[in-house]
Amino acid sequence: MAGRINDEDVKSVRDAVPIDTVVSEYLQLRPAGGGNLKGLCPFHDEKSPSFHVSPSKGLYHCFGCQEGGDTLGFVMKIEHLSFSEAVERLAAQAGVTLRYEQGGYSPGRQQGERTRLIEAHKVAARFYAEQLATSPEAEIGRRFLDERSFDQAAAERFGVGYAPAGWDHLVRFLRGRGFTDLELLASGIAQDGKRGPIDRFRGRLIWPIRDITGEVVGFGARKLRDDDTGPKYLNTPETPIYRKSQVLYGIDAAKRDIAKTNRAVVVEGYTDVMACHLAGVTTAIATCGTAFGAEHVKILRRVLMDNSSSHRAGEVVFTFDGDAAGQKAALRAFEDDQKFAARTSIAVSPGGMDPCELRIADGDEAVHKLVESASPLFEFAIRSIVDQHNLDTAEGRSAALEFAAPIVAQIKDQAIQHEYAVRLAGLVGIPDEGFVVRRIGQIARWGRARAQGQGAGGPGAPRGQGERRGNAPAPVAAPPSPVGPPLNLRTPAYLAERELLKIALQFPALVAPVFDAYGEDEFTAAPYAVVRRVIGEAGGVAAADDAFLDRVREAAPDDAVRSLVTELAVEPLTLPRRRQAEVDVHAERCLVQVRVAAVERRMRDLESTARRAEAQSGNTTAAEVRQELWALEQYRTALKERGAEALYA
């Protein structure tokens, strides 16, 4: 049985790898105020960034889908890892040596499946690269690259390798490195043969496929010999670590320049990515044996920080061959265009050449010109459809309009839709522009009606689901209660309580020791009362140290409360930007507001008690109650006049 990772080593891993460094491997982060960062959530599709990261707290929280946690939790969630696998992965990045209890350390036995498969791919990639560089058999691969203007330095830059033509060269090599047959089969590197596992890729040129963090998760293999009866390109099959619909070749090398330039260039193949990067277009990426789809859109949007509220207009440029297949691929890309806030364009190279061929024929500058000459994808899609019809006849013009109009109707921006409707009328040759505009408007209304007929939450959605407008964060659900509607913890009634808890978690020294004297009953929202309790169980704010937040999260009775603690620890304080430095003043104001509200609630209860007592003859408690009311009135006045000073009196 695998041993348990030493607790001190787990803490060392958490401390060694900053959460913003880890998260930045998957999405672009920008300042969110108060030392926090924000980006587009990797766990749900959104158009405005609601995913916040607090480097100082080592926590993240999404105010849209409510996912949250620490660095290890993020890696577990996004990579679908177990706790030990996440620790092992971050430990490898940070150079932390892990100790395992209950039996010592044995890498082959202790490491999780994903970690082992990643390691197998890493070793295989080195094996392939060494074969390309030194093996006489690999001369055919070196010649293939040379014919495409890729030298040895280019091959090394992209990790290109060669798979020997024998049945089990790599299998035997990996066995010698301690990998089991089951691991080799699960990785997709090997496949079942008549006498056991054999190499999947044989006699081919190999491209390592890396995920967004730079880990090798699969391979693409190109046929080199005429006697190879397999497909031109053979890719790793679906495995626990490789999903072709969720991987973009070159994204690990391109992501920083994509974020920097706010542009991504989508090409069709591995050699096209290489050609673009070597030509200086370092934002090029490609899909891996599949069409560009919704999952690829999500990856690019996160890297681009592609949201409708961004002040920088991003761009996604698709490059396709000018032949019929290329045009068909471009039209498929158009179907995903509306999922981007960024401007989408298409670049079709002259003569139907792809970027690799264009670089060979005309040099690096030609690749640059191709990308810069891109035209809007809307226009390309419309022209492609119109060109398929005979516009010399009335029937042809009518058919062109009917096929192209739905494309224009899909454009969400009404101003752009109107402009393209007028342009379509000119392309088709219909003099009555108003007729074309009205026709497209009618089709657009039908589309919206169909969408609304299904309901925002989809068929069968509960009443009220999906009714929120825009991308406002969903209310945090209160712990289950037998009756009554769920609490909206962001209503003004709870604002002061929420702010005070945020300060207690983020800046405990500012409210110590007064906060520790506040009772649970001073927090009227049930979830906030529970958070107040777990803060106390963690030692209170007066005992806050570097491990304070960890103690509070561990004291939470369930995941819902733990998620709320994380959210409050990450959420920026509600302070105007010009007053961000006045956190101490804000803390005192919140302490007073929560206490005043509690005092006034108590006064209302006592007033009711006193009146009932006064209405009953012989009841002697009214005087005592009135005395307590008078004392509370004095206290409330002191709080309002002297502020936080009255709390220390």
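At-a-glance table
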quantity: Karplus-derived HN-Hα couplings along region 354-370 (A = 6.51, B = -1.76, C = 1.60, θ = phi - 60°), whole Hz, x at Gly and Pro; calculated: 7, x, 5, 5, 5, 5, 5, 6, 10, x, 4, 4, 5, 5, 4, 5, 4
quantity: Residues of region 348-381 with amide N under 17 Å of the 7 Å Cα→Cβ point at ILE416; calculated: 374-381
quantity: Charge sum, other residues only, whose C-beta stays under 12 Å from PHE74's C-beta, Lys/Arg counted +1 and Asp/Glu -1; calculated: -2
quantity: Cβ-based exposure ranking for HIS169, HIS44, HIS121, HIS277, in which fewest neighbours within 10 Å come first; calculated: HIS44, HIS169, HIS277, HIS121
quantity: Segment ALA547-ALA517, extension gain: residue separation times 0.36 nm, minus the distance between their alpha carbons; calculated: 8.7 nm
quantity: Length released on extending from ASN6 to GLU582, taking residue separation times 0.36 nm less the Cα-Cα span; calculated: 203.2 nm
quantity: Ratio Rg/Rh, restricted to region 113-242 and using Cα atoms, in which Rh is the Kirkwood radius; calculated: 0.94
quantity: Per-residue HN-Hα couplings for region 73-90 [Karplus 6.51, -1.76, 1.60; θ = phi - 60°; Hz; x = Gly/Pro]; calculated: x, 5, 5, 4, 5, 6, 9, 6, 9, 6, 4, 5, 5, 5, 4, 5, 5, 5
quantity: Residues with amide H under 5 Å from that of GLY218, placed H, sequence gap 5 or more; calculated: ILE209
quantity: Hydrodynamic radius by Kirkwood, which averages 1/r over all alpha carbon pairs of region 492-646, in angstrom; calculated: 17.0 Å
quantity: Calculated FRET efficiency for the pair GLN191/ARG450, C-beta based, R₀ 60 Å, to 0.05; calculated: 0.85
quantity: Estimated FRET transfer efficiency when R0 is 35 angstrom, pair THR97-GLU156 (beta carbons, to 0.05); calculated: 0.75
quantity: Radius 13 Å from Cβ of PRO18, net charge of other residues (Lys, Arg +1; Asp, Glu -1); calculated: -2
quantity: Nitroxide proxy distance, nm - points 7 Å out along Cα→Cβ at PHE403 and GLU600; calculated: 6.9 nm
quantity: Helical mean residue ellipticity (222 nm; -39500 (n - 2.57) per DSSP H run of 4+; nearest 500) of the chain; calculated: -15500 deg cm²/dmol
quantity: Label-to-label distance, nm, for residues given as THR21 and SER245 (7 Å Cα→Cβ offset); calculated: 3.5 nm
quantity: Cβ-based net charge around ARG225, under 13 Å, with every Lys or Arg adding one and every Asp or Glu removing one; calculated: +1
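No lab work stands behind these numbers, since they all come straight from the coordinates. Please read all numbers here as calculations on a predicted model, not as lab measurements. So basically every Cβ, Gly included, is an ideal-geometry build from the backbone, and we count neighbours across all protein chains shown.
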